[in-house]
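The values are calculated or read from the model by the stated rules, or taken from the named source; none is laboratory data. None of these values were measured; they are calculated from a predicted model. Note that each Cβ is placed from the backbone with ideal geometry, even for glycine, and that neighbours are counted across all protein chains shown.
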Amino acid sequence: MKNEISQSASGRLFFWDQIPNFKKGLFIPILNGVLSKHSQSSVNFLYTEPYESDDNIIVSTTAILDKIVTRGNPTFVNLDLEERILTSKFLKSWTKSRLENDTDNHLFGTYLLNSPIGNDHNKTRKELPNVFSLGYSNELSKHQCSLKIENRLQNITSAEEDIFYDSFIKNFCSAISRHLHRQVLISDILGYEDSDLINQKVDFCLSIESVKWIFEIDGQQHSTDEDQKEFDRKRDELLRDENWSVYRINAEEVRTNISNWFVTFKNNLVKYEREVLEFQQQHTLNEYLDSNVFLTIIFPHLVHRTIRALIHAIRFGDVKIKSDLKLLIIEEDVPVILEALHQLSILWSNLKILSSEIPNFPNIEAHYIGKNTLIDLPDDAKIKYSNVEQLEENYDLVISNSVTLYSGQKGLLQSKYIKETGYKVIEIRTKFSLLEYRTLLWSMPIEYKLEEIEIFNNNSSDSGQMSFGYDKYNALLFFLRNIFRKYHFWDGQLKAIARMLMKKPTIVLLPTGGGKSLTYQFTGLLHPGVTIIIDPLVSLMVDQVDNLNQMGFDRAGFISSLLDADERDLALKRLSSGLIYYCFLAPERLQMIDFRNNLRTLVAQFPISLAVIDEVHCVSEWGHDFRPSYLHLGRNIRKYCTPEDLSETPTLIGLTGTASFAVLTDVQMELNITDEEAIILPKSFDRKELVYHVKKVPTIEKPSALKIIKQSMPRIFRKNPQTFFQPKEEHTNSGIVFCPWVNGILGVTTIAGLLNHNNYYAGKKPKSWGNSTEDDWRKYKIDRQSKFKKNLIQELVATKSFGMGIDKPNIRYTIHYNIPHSIEAFYQEAGRAGRDSKNAHCFIIYSDDNYEEAESLLFNRDHQQVVAKINDIKQQNRGDLIIQMWLLYNSYQDRTLEKRKTYNLWMTDLYPIISEMKVNSTNTRDIDFGNNFARGNTEKAIFRLVILGIVEEYSVDWHFRKFQVVAKNLAPSDIKKNLYNYLLNYKVESEVNKLTQKINADDLQTAIKLSLNVLIDFVYDEIAQKRKQALRTMAEICRYFKSDEQFRETILAYLQESEFSDILKKWINLPFDEIGFDAIIEILNQLSDLEQIKRLIGTSRRMLDEDPTNTALRTLSVCARARSKTENNDSVYQELKALINQLEEQYQQILEPDGMLIHVVQEIQIYRPLLETSGLDYILRKIGTSSFIRKFISLNPEYGNIEILTNMEKILIAGSLRQIQGIQSFINIKGAVS
């Protein structure tokens, strides 16, 4: 109808999800299905054609409120309504408890321990659909059947149709006949648009739950015209496929024999049809108003549905919402308007607290005609109502509401009281349709003022300390509890949400399980438009969508390789139609030209308010999960997610569970964030619920060790061994076993076989799958993920492609079959466990085999030589460090080879297309990449050229497997400048000058070749070196594992900020002499207790992972370890050797290296006397000089005897023949002494 707005909305109580019996049954899916089916209603404006308000603030406010109400169909109703229902006089016999008490202040709300519905949910399941379809009363049902046909239908109906309608009413009671609809669009019947049946209608349809009838009154052409007959056949077949029974009646039979036809029809009704119709005939809805089913399911749903109708009335009905209102409310049946107004006022008022732009919810004086409210309304200053019989002349709005009348049907009370046409009347009615009317409403963003929340960087439990902004805190807490049913904000969430709501770019660095996802979920709902989330893993997308669905958000979807072409097209159509509020994308999507164009189409209709880059550390090559597809994400989001008028640029959000300082630098560059306050850091990374274990065994014994650990689980957890590994719903003792590879003896299929099951997950298809398709593999792994998440399987064996971000609360253990490649990676993967805050155990099965050999190879610059040596070691003799080194060295294969390939790509593919063009001109070239391995190498080369600026951007065509590269002709000086600026992000200016001084800026090809040499050397000497150091640190903490407490302290000291962090950050990338030895002494002199020493060791470790060749940091690390009571002698000695090896290369670059070495030796003498001889021996072998020996003897006269000096001479001659001058000087010293 012209003046009608159709809508869909439904709500339910959260407590249904808390009853285990319902969770493991079919009740929740059936409940959701029934509520969704009955979610359609209409708002008919009798006084005007609906048009959008010209007040932008009202448009924005209603858009956000509508988004909250329609986030799911169904979603959870307002907490106020739920609590008042559950504490009402009708439910006093129900046994209740508080969720916050039973979930350690995690969830918020009422938890029912026992209820009549809970005790007989099968009865409820069967009864509910039929109760939903009941007429309110016999009187109102008869009134419905007596209503004249709508004017809009009179011209398209036949006399035979009128005869049929009248006959139907005579043959069936009004409780059934009220459901007979005339001239219904087929799209409303099917629930979707069929391209062949657009605007097609059926003559009659009746739907009462499982009874679904369609009646067609056919003229002569339907039996004589062959084309018409074929069309009818296809149409009927389509309807029958959707479980509709189609009855075609010849018009002649209607005129002459309709009575007999109905006799036959009724006699042929099957059992289930008779049962449904008898229930409708024997009962009315008003009998059920105080029943459990009605109060806990139907009533809250009707209130929630009506809230949306009121929002539409405000947005489209020219309601003067900024001033006090006088309303006339006519309730034809179930009284819900007053309750819906109360719930809307609560939502509106809390939103208004967060934004001063939003007007106050008006004071409402309501004149009321109808039944008393079912649940007592609380005292509310905004809404005052009184029952009336006599109407006044003027009302701002008259609301006629009915849940059993259909669209366009006037009610008994409306007909009685509203006889004048001067009133502004809206009718809220149930709409018969299976189509869903639930799309985003467009609006500009609202301005939130939350600076006082942003600067209050404490946990919500300390909120009482807030000197101002307490009302805004409570408003945010209101939405947290109403939408997510969480008890309070976790560390860092409040500040992150405040920044995001104010549209400030934000980097959220919170620990695994720290609630990062909630920050954008919360914020995305309070901003209009779409939130897009970039996720690196398919498993993560599936998991996030599933989590949102469980929280009553069904407007979430993903676009990834899991979908076939048709499914992707459908998802894109839903996105561009405003049917997806949260869209999860693989980063590769933004590399595709077609998808970029689709985004531009989307933002022309709906703004993209938030662009979230999950696992944002993947943007940095310094990070442990670098992905080239993350490159330029920030730039591409700004370019393709901003409308042409630049009216609404998405707010960029980065999320990560762990990131080093170099990674954060890259992230800030990528997101263009210069404000340090934008980085949200936790108070602590400690996961107290996790218990760490490292089991050290030879590589060959790992299978046995894995089985022993599994067998020990029941004892560790003190649980019944006979049932420990059995799925038990949310009480399942779930576990993840992490493997480094997909295939081979360390692969997921092999390890799953060791554990006697086939539950495994990996990014790539295992070789054992043979000729199975990639589609088969995708379906299998998503099935495993789903069953693991739903506790249908107890354990999953996985590569790291499953470990990132998966949110499953009851993971009781993780087992790493091999060390990960860094502490950050371990922390993230092990952090999958214990997310319900209950104890969980994290195991590493560590092999120390050939550790010394691995150490000697680790910092070898010739990567191909290292790989060759590793390949000579049999697999059963490769310890964890060597295994991870093999993976690392295959990522950074060879600097010379990479230089050649990158330069060849430029010369062969790109330079020819721009060589004759002017400077700063661009041209595009397609470059095929074939298989994934070739793609990775080619993309890496393109990335290097992007840094130099001679590739402006590139996209990926996955169908034809090629890159589309935009090359740019630059002046040689610009190329050098681009490299210079890149290096300045990581090195001080003096160092960058040294690195780039030899680059010739006069000749283009020379400039490119030399720039590539410098860049790739930098990558290998700095980034690859950092990866090696991080790997060494991970192996080291496992090698020297003593206890859970010691291991935890080591990890926390590494991850967390300490009192030494600020000063040591400044040391990164500085040469030794710019730091100075006095700075090291100054820090060492501050050490007053063992806890300080632990923190210094951890901070030094982390900084060394940032800058592995930093001599000052390495020196400080040696001295701190020497002073520690928890570090053993071997750990100190290995770090000393690393320092000496490093110093051997840098000796000539340091002004006074001997003095520094002397102090290190003195630290060893004082704190590690047992290492004095071996340490001195190693120093002399590597870099002993006459100046060092002279200073050493002058400080240690006990060494000045002939025997010791003779030994020193032998060491020098044997180990340092290149230092001829040093040896001769030493002989002179010896002679002088003798």
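Has the range 266-276 got at least one residue that is in contact (Cβ under 8 Å) with a residue 60 or more places away in the chain, of a type in the set (Phe, Trp, Tyr) and surrounded by 13 or more Cβ atoms within 10 Å (Cβ to Cβ)? Step through it out loud before you land on a result.
The initial filter retains those residues of the range 266-276 that are in contact (Cβ under 8 Å) with a residue 60 or more places away in the chain, namely 266, 272-273, 276.
Now narrow it down to the ones that are of a type in the set (Phe, Trp, Tyr): 272.
Restricting the remaining residues to those that are surrounded by 13 or more Cβ atoms within 10 Å (Cβ to Cβ) gives none.
Among the residues of the range 266-276, not one is in contact (Cβ under 8 Å) with a residue 60 or more places away in the chain, of a type in the set (Phe, Trp, Tyr) and surrounded by 13 or more Cβ atoms within 10 Å (Cβ to Cβ), which makes the answer no.
Being among the charged types (D, E, K, R), within 18 Å of Phe478 (Cβ to Cβ) and in contact with a Pro (Cβ under 9 Å, 6 or more places away or on another chain): is that true of Lys322 here?
Working: among the charged types (D, E, K, R): yes; within 18 Å of Phe478 (Cβ to Cβ): no; in contact with a Pro (Cβ under 9 Å, 6 or more places away or on another chain): yes.
No.
Considering each of Asp1044, Asp1073 in turn, give the residue that is assigned by the TED database to the domain that holds Ile1150, farther than 15 Å from Ile1097 by Cα and of a type in the set (D, E, K, R).
Working: Asp1044 fails: assigned by the TED database to the domain that holds Ile1150.
The conditions single out Asp1073.
Applying the selection to the range 245-283, what residues are more than 22 Å from Lys201 (Cα to Cα) and in contact with a Leu (Cβ under 7 Å, 6 or more places away or on another chain)?
Gln280, His283
Any idea how many residues of the range 372-414 are within 19 Å of Leu81 (Cα to Cα) and either in contact with a helix residue (DSSP H, G or I) (Cβ under 9 Å, 6 or more places away or on another chain) or surrounded by 18 or more Cβ atoms within 10 Å (Cβ to Cβ) (or both)?
Our first condition is that a residue be within 19 Å of Leu81 (Cα to Cα); within the range 372-414, this holds for 372-385, 403.
Okay, now just the ones that are also either in contact with a helix residue (DSSP H, G or I) (Cβ under 9 Å, 6 or more places away or on another chain) or surrounded by 18 or more Cβ atoms within 10 Å (Cβ to Cβ) (or both), so 373-378, 380, 382-383, 385, 403.
Looking only at that region, the number is 11.
Taking into account only those residues within the range 133-179 that are of a type in the set (Asp, Glu) and surrounded by fewer than 20 Cβ atoms within 10 Å (Cβ to Cβ), which is nearest to Asp290 (Cα to Cα)?
Restricting attention to the range 133-179, the residues satisfying the condition of being of a type in the set (Asp, Glu) are 139, 150, 160-162, 166.
Narrowing the set further to residues that are surrounded by fewer than 20 Cβ atoms within 10 Å (Cβ to Cβ) leaves 139, 150, 162, 166.
Working: Glu139: 20, Glu150: 35, Asp162: 39, Asp166: 35 Å.
Checking each candidate, the answer is Glu139.
Taking interchain pairs and intrachain pairs at least six residues apart, which have beta carbon atoms under 9 angstrom, with the first residue in the range 896-922 and free of Cβ contacts under 8 Å to residues at least 12 places away in the same chain and the second among the basic types (Lys, Arg)?
Here the result reads Pro912/Arg925, each pair linking the range 896-922 to a residue that is among the basic types (Lys, Arg).
Residues are listed down the side, and each one gets a yes or a no for (1) in contact with an Asp or Glu (Cβ under 8 Å, 6 or more places away or on another chain); (2) farther than 25 Å from Pro445 by Cα; (3) of a type in the set (Asp, Glu):
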site: Gly524; (1), (2), (3): no, no, no
site: Gly529; (1), (2), (3): yes, no, no
site: Ile534; (1), (2), (3): yes, no, no
site: Asp543; (1), (2), (3): yes, yes, yes
site: Ala556; (1), (2), (3): no, no, no
site: Ser560; (1), (2), (3): no, yes, no
site: Tyr582; (1), (2), (3): no, no, no
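Could you list, in sequence order, all residues of the range 206-234 that are in contact with a strand residue (DSSP E or B) (Cβ under 7 Å, 6 or more places away or on another chain), under 19 Å from Asn250 (Cβ atoms) and hydrophobic (A, V, I, L, M, F, W, C)?
Selection gives Trp213, Ile214, Phe215, Ile217.
Tally up the residues in the range 1105-1133 that are closer than 13 Å to Ile1037 by Cβ and surrounded by 20 or more Cβ atoms within 10 Å (Cβ to Cβ), please.
Residues that pass the stated criteria total 3.
Within the range 583-594, does at least one residue satisfy the condition of being more than 17 Å from the chain's Cα centre (by Cα) and free of Cβ contacts under 8 Å to residues at least 12 places away in the same chain? Full working, then the answer.
So in the range 583-594, the residues more than 17 Å from the chain's Cα centre (by Cα) come out as 590-594.
Those left that are additionally free of Cβ contacts under 8 Å to residues at least 12 places away in the same chain: 594.
For the range 583-594, residues more than 17 Å from the chain's Cα centre (by Cα) and free of Cβ contacts under 8 Å to residues at least 12 places away in the same chain: present.
Is there a residue being among the hydroxyl-bearing types (Ser, Thr, Tyr) and assigned to a helix (DSSP H, G or I) anywhere in the range 1085-1099? Even if it seems obvious, please write down each step before you answer.
Taking the range 1085-1099 as the starting set, the residues that turn out to be among the hydroxyl-bearing types (Ser, Thr, Tyr) are 1088, 1099.
Retained after the next criterion (residues that are assigned to a helix (DSSP H, G or I)): 1099.
Within the range 1085-1099, one or more residues are among the hydroxyl-bearing types (Ser, Thr, Tyr) and assigned to a helix (DSSP H, G or I).
For Leu631, which of the numbered conditions (1) closer than 25 Å to Glu952 by Cβ; (2) under 20 Å from the mean Cα position of the chain (by Cα); (3) surrounded by fewer than 22 Cβ atoms within 10 Å (Cβ to Cβ) fails to hold?
Going through the list (1) closer than 25 Å to Glu952 by Cβ; (2) under 20 Å from the mean Cα position of the chain (by Cα); (3) surrounded by fewer than 22 Cβ atoms within 10 Å (Cβ to Cβ), Leu631 breaks only (3).
Taking the range 1166-1187, which residues are in a loop (DSSP other than H, G, I, E, B) and small (Gly, Ala, Ser)? Full working, then the answer.
So in the range 1166-1187, the residues in a loop (DSSP other than H, G, I, E, B) come out as 1168, 1184-1185.
Correct list: Gly1184 only.
Across the range 561-578, which residue is modelled with the highest pLDDT among those that are of a type outside the set (D, E, K, R), assigned to a loop (DSSP other than H, G, I, E, B) and touching a helix residue (DSSP H, G or I) at 6+ places or on another chain (Cβ under 8 Å)?
Restricting attention to the range 561-578, the residues satisfying the condition of being of a type outside the set (D, E, K, R) are 561-563, 565, 570-572, 575-578.
The next check asks that each one be assigned to a loop (DSSP other than H, G, I, E, B); those that pass are 561-563, 577-578.
Checking which are touching a helix residue (DSSP H, G or I) at 6+ places or on another chain (Cβ under 8 Å) leaves us with 561-563.
Numbers: Ser561: 73, Leu562: 73, Leu563: 76.
Looking at residues that are of a type outside the set (D, E, K, R), assigned to a loop (DSSP other than H, G, I, E, B) and touching a helix residue (DSSP H, G or I) at 6+ places or on another chain (Cβ under 8 Å), I get Leu563.
Taking the condition of being modelled with pLDDT under 90 and either assigned to a strand (DSSP E or B) or within 31 Å of the chain's Cα centre (by Cα) (or both), how many residues in the range 407-442 meet it?
1
In the range 785-803, what residues are surrounded by 24 or more Cβ atoms within 10 Å (Cβ to Cβ) and either of a type in the set (Val, Ile, Thr) or in a loop (DSSP other than H, G, I, E, B) (or both)?
Across the range 785-803, the qualifying residue is only Val797.
Checking the condition over 33 Å from the mean Cα position of the chain (by Cα) and of a type in the set (S, T, N, Q), which residue from Asn937, Asn931, Asn993 passes? Talk me through it step by step, then tell me what you get.
Numbers: Asn937 fails: over 33 Å from the mean Cα position of the chain (by Cα); Asn931 fails: over 33 Å from the mean Cα position of the chain (by Cα).
Among Asn937, Asn931, Asn993, only Asn993 is over 33 Å from the mean Cα position of the chain (by Cα) and of a type in the set (S, T, N, Q).
Filter the range 76-95 down to the residues that are surrounded by 13 or more Cβ atoms within 10 Å (Cβ to Cβ) and either in a loop (DSSP other than H, G, I, E, B) or in contact with a strand residue (DSSP E or B) (Cβ under 6 Å, 6 or more places away or on another chain) (or both) and list them by number. It would help to see each step written out before you state the result.
Here is the first cut: in the range 76-95, the ones surrounded by 13 or more Cβ atoms within 10 Å (Cβ to Cβ) are 76-88, 90-91, 94.
Those that are surrounded by 13 or more Cβ atoms within 10 Å (Cβ to Cβ) and either in a loop (DSSP other than H, G, I, E, B) or in contact with a strand residue (DSSP E or B) (Cβ under 6 Å, 6 or more places away or on another chain) (or both): Val77, Asn78, Leu86, Thr87, Ser88, Trp94.
Go through the range 779-818 residue by residue and tally those that are farther than 30 Å from Ile1037 by Cα and within 20 Å of the chain's Cα centre (by Cα).
Counting residues in the range 779-818 that are farther than 30 Å from Ile1037 by Cα and within 20 Å of the chain's Cα centre (by Cα) gives 10.
Out of Ser386, Ser443, Ser415, report the one residue that is out of contact with any strand residue (DSSP E or B) (no Cβ under 6 Å at 6 or more places or on another chain) and within 30 Å of Ala556 (Cα to Cα). Break it down into steps so the answer makes sense when it comes.
Values: Ser386 fails: within 30 Å of Ala556 (Cα to Cα); Ser415 fails: within 30 Å of Ala556 (Cα to Cα).
Going through Ser386, Ser443, Ser415 in turn, the sole match is Ser443.
From the list Phe553, Phe558, Phe522, Phe595, exactly one residue is in a strand (DSSP E or B) and of a type outside the set (S, T, N, Q). Which is it? Give the steps one after another, and end with the answer.
Values: Phe553 fails: in a strand (DSSP E or B); Phe522 fails: in a strand (DSSP E or B); Phe595 fails: in a strand (DSSP E or B).
So the residue among Phe553, Phe558, Phe522, Phe595 that is in a strand (DSSP E or B) and of a type outside the set (S, T, N, Q) is Phe558.
Got a sec? Which of Gly930, Gly949, Gly936 is surrounded by fewer than 17 Cβ atoms within 10 Å (Cβ to Cβ) and touching a Lys or Arg at 6+ places or on another chain (Cβ under 8 Å)? Let's see the steps before the verdict.
Values: Gly949 fails: surrounded by fewer than 17 Cβ atoms within 10 Å (Cβ to Cβ); Gly936 fails: touching a Lys or Arg at 6+ places or on another chain (Cβ under 8 Å).
Testing whether each residue is surrounded by fewer than 17 Cβ atoms within 10 Å (Cβ to Cβ) and touching a Lys or Arg at 6+ places or on another chain (Cβ under 8 Å) leaves just Gly930.
Could you pull out every one of the helices (runs of 4 or more DSSP H) wholly within the range 96-213 that has 2 or more residues that are under 28 Å from Arg240 (Cα atoms), in the same structural domain as Asn260 (by the TED database) and free of Cβ contacts under 8 Å to residues at least 24 places away in the same chain?
Values: elements: 99-102, 116-119, 121-132, 138-146, 151-154, 159-171, 174-177, 186-190.
Answer list for the range 96-213: 159-171.
Could you please tell me which pairs satisfy a Cβ distance under 7 Å, a separation of 6+ or placement on different chains, a first residue in the range 217-231 that is farther than 15 Å from Ser158 by Cα and surrounded by 13 or more Cβ atoms within 10 Å (Cβ to Cβ), and a second residue that is of a type outside the set (Gly, Ala, Ser) and at pLDDT below 90?
Between residues of the range 217-231 that are farther than 15 Å from Ser158 by Cα and surrounded by 13 or more Cβ atoms within 10 Å (Cβ to Cβ) and residues that are of a type outside the set (Gly, Ala, Ser) and at pLDDT below 90, the close pairs are Gln228/Gln221; Gln228/His222; Lys229/His222.
Condition (residue is part of a loop (DSSP other than H, G, I, E, B), buried (at least 22 other Cβ atoms within 10 Å of the Cβ) and either touching an Asp or Glu at 6+ places or on another chain (Cβ under 8 Å) or not aliphatic (A, V, I, L, M) (or both)) applied to the range 52-71: is it met by at least one residue? Break it down stepwise before answering.
Of the range 52-71, the ones part of a loop (DSSP other than H, G, I, E, B) are 52-55, 70-71.
Checking which are buried (at least 22 other Cβ atoms within 10 Å of the Cβ) leaves us with 70-71.
Cutting the leftovers down to either touching an Asp or Glu at 6+ places or on another chain (Cβ under 8 Å) or not aliphatic (A, V, I, L, M) (or both) gives us 70-71.
Yes, the range 52-71 contains at least one residue that is part of a loop (DSSP other than H, G, I, E, B), buried (at least 22 other Cβ atoms within 10 Å of the Cβ) and either touching an Asp or Glu at 6+ places or on another chain (Cβ under 8 Å) or not aliphatic (A, V, I, L, M) (or both).
Just checking: which of the helices (runs of 4 or more DSSP H) contained wholly in the range 247-339 hold 2 or more residues that are polar (S, T, N, Q) and at pLDDT 95 or above?
Answer list for the range 247-339: 251-267, 271-282.
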